[in-house]
Amino acid sequence: MILCGIDVGTSSIKVSIVDAANQQLIYSCSFPEIENEISSPQPGFAEQDPEHWWYCVKQGILKANSTGLYDPKRIGAIGISYQMHGLVVVDKEANVLRPSIIWCDSRATPFGENAYSGLGESFCQTHYLNSPGNFTAAKLAWVKENQPTVFDRIAQVLLPGDFIAGRFTSQFTTTASALSEGILWDFKENHPAKDLMQYYGFPAEIFPPVQDLFSDHGTVTSTVAAELGLNTNVKVTYKAGDQPNNAYSLGVLHPGDIATTAGTSGVVYGISDELKFDKENRVNSFAHVNHSASKASIGVLMCINGTGILNRWVKQNFFTSASYNQMNELGAKAAIGSGGLVCMPFGNGAERIFQNKTIGGSFVNLDFNRHQSAEIIRAAQEGIAFSMVYGIELLGNVGVRPKKLKAGLANMYLSDLFTQAIVNASGASVELLESDGAFGAALGAGAGVGYYANEDEAVANIKLLKTIEPSAALKEEYEEAYGIWKNNLGF
């Protein structure tokens, strides 16, 4: 059997084709070649067109099929990873009613804060493990308040992965994991968050039926199968938010396992078998891919919005003719600490680690005589790494104290400068593995269709490429640089 994994990212759609028998990648590609834009019609707004995601998914599959490396008719299952917390709303004919309000949009924060106060902090934390904050439920409340004619036409509220799966199958389903990332799942009662839905005035039927994450989410329609050259029996059998899926793609499934990624945003994600929550709501808890009513598996997530997007901004505005690899090499020529130049990477909306405050991005202590291009690159990458180290410290509030992180060799982890900064400032080693979100989604599809005995077997052979250990010789320099960065937070 051949498996197809799809990662619906913010920047692009990635498709991976995997041989189920040997768990080896056959082909991987992204579409489009240039990064998808985020529309920001007002300050704090961040939107994308769900139909454009679907177009890019189809183009990615067709691009993979065109290589001739495999027979598309042999694809037996499809798995989907997707950007978390997004809101997609459709009418009775499954037409999209408005652009998706995506994960880094800040507009709904007051709606989450009002619900948190109205339902009670203790209730929200013990039932939802989070404040409603700026997540999907609060975004829907914003639509209800500000676009009532749109809200009245809504037949289904979907997470991005639910939408893409529905475009394949013409039926919509969701999962406890998906609902939990929208603060729409009640962990204490083990059902959708009825009290929050009643508080906001959402009808229960506005959400799709809840199914197991590894399960049959529908058969691809004959029309889609013909368009993409697939067989008419292929099913969607797995879908998960990008961070739970990223963790799964690295074999992070059990208590004590820790995953990290640094794409558009930066994340550290640890697993607990307890219903843990942060009383200050600076890190968040969601249902992991293998969570069930009988056995809790909670992903505790720390997120920094502005990681890879800052690195891209630096490239686009200052180093247009350089490749990312050339930038990494140039930045490495600057001294640790960037000669006192400090970068705050918080220019991509409200940050959860600051309780949904919008801090903004900045360069501090810029000296026109001392700081040149190498220091700008290094300061940006150190700022990203140091912000993630600060977030790792906050994970200690819920008992997650990583000594070893697992990451795919991709995105910011392709930069030795960045990797050395996060390893030496945190004191935690990083294992770099040959895996990514689309590859993990393909393996998840294999588990969901029953090709593998269980979800552990599907990811048992992920290849370790190298391990980066903290350097005793660099410890003091990085501690000093991180201390200077942290002092510039101002609180």
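The values are calculated or read from the model by the stated rules, or taken from the named source; none is laboratory data. Owing to the predicted nature of the structure, the values given are computational and were not obtained by experimental measurement. Counting neighbours? That spans all protein chains shown, and the Cβs are built from the backbone with ideal geometry, glycine included. Note: accessible area is taken over every heavy atom of the protein model, side chains too, but ligands, DNA and RNA are not part of it. Shrake-Rupley method; radii C 1.70, N 1.55, O 1.52, S 1.80 Å.
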Taking protein heavy atoms only, a 1.4 Å probe, and rounding to whole percent, the accessible area of segment 48-150 owed to carbon and sulfur comes out at 49
The answer for trypsin sites (Lys or Arg not before Pro) in segment 247-295 that fall in a DSSP coil and have at most 15 neighbouring Cβ atoms within 10 Å is LYS279, LYS295
Sorted by chain and number, the residues with a modelled amide H under 5 Å from that of PHE346, at a separation of 5 or more or across chains, are GLY361, SER362
Summing +1 per Lys or Arg and -1 per Asp or Glu among the other residues with Cβ less than 14 Å from GLU47's Cβ gives -1
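Hey, got the dipole for segment 63-175? About the Cα centre, +1 on K and R Cβ, -1 on D and E Cβ, debye to the nearest 20? List each step's numbers first, then the result.
Working: 10 positive and 9 negative charges, 91 e Å.
Here segment 63-175 has a charge dipole of around 440 debye.
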Pseudo-spin-label distance TRP313 to ASN369, built 7 Å along Cα→Cβ, given in nm, is 2.9
Taking a straight Cα-to-Cα line shorter than 25 Å from LYS406, and setting aside same-chain lysines fewer than 8 residues away, one finds LYS14, LYS239, LYS276, LYS295, LYS463, LYS466, LYS475, LYS486
Sorting SER426, SER323, ALA21 by the position of each Cα along the dipole of the chain (Lys, Arg +1; Asp, Glu -1; all at Cβ), the one nearest the positive end of that ordering is SER323
With the charge dipole of the chain built from beta-carbon charges (+1 for Lys and Arg, -1 for Asp and Glu) about the Cα centre, the Cα from ALA442, VAL283, ALA410 projecting farthest to the positive end belongs to ALA410
The simple spin-label model distance between ASN397 and ASP152, using points 7 Å out along Cα→Cβ, in nm, is 4.1
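How large is the charge dipole for segment 253-356, taken about the Cα centre, if only the Cβ atoms of Lys, Arg (+1) and Asp, Glu (-1) carry charge, to the nearest 20 debye?
220
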For segment 371-464, the percent of accessible surface on carbon and sulfur atoms (probe 1.4 angstrom, ligands and nucleic acids excluded) is 43
Regression test value, accessible area per residue of the chain, probe 1.4 Å, units Å², expected 38
For segment 313-325, in residue order, the Karplus 3J(HN,Hα) values (coefficients 6.51, -1.76, 1.60; θ = phi - 60°; whole Hz; Gly and Pro = x) are 4, 4, 5, 5, 9, 10, 9, 4, 8, 9, 7, 4, 5
For segment 366-491, the dipole about the Cα centre with charges only on Cβ (Lys and Arg +1, Asp and Glu -1), to the nearest 20 debye, works out at 100
Listed by chain and number, the aspartates and glutamates with an alpha carbon less than 19 angstrom from that of LYS63, same-chain partners under 8 positions apart left out, are ASP7, ASP19, GLU33, GLU35, GLU51, ASP71, GLU227, ASP436
Karplus ³J(HN,Hα) for segment 38-50 (6.51 cos²θ - 1.76 cosθ + 1.60, θ = phi - 60°; Hz, whole; x = Gly/Pro) runs 9, 7, 10, x, 9, x, x, 8, 8, 9, 9, 8, x
Residue by residue through segment 413-420, the couplings from Karplus 6.51 cos²θ - 1.76 cosθ + 1.60 with θ = phi - 60°, in Hz, x for Gly and Pro, are 6, 6, 8, 5, 4, 4, 4, 5
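Would you work out what percent of the accessible area of segment 202-335, with all protein chains in place, is carbon or sulfur (probe 1.4 Å)? Mind dumping the intermediate values first?
Details: 2450 of 4970 Å².
Taking all protein chains in place, segment 202-335 shows 49 percent carbon and sulfur surface.
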If each part is reduced to its alpha-carbon centroid, segment 227-270 and segment 20-60 end up apart, in Å, by 15
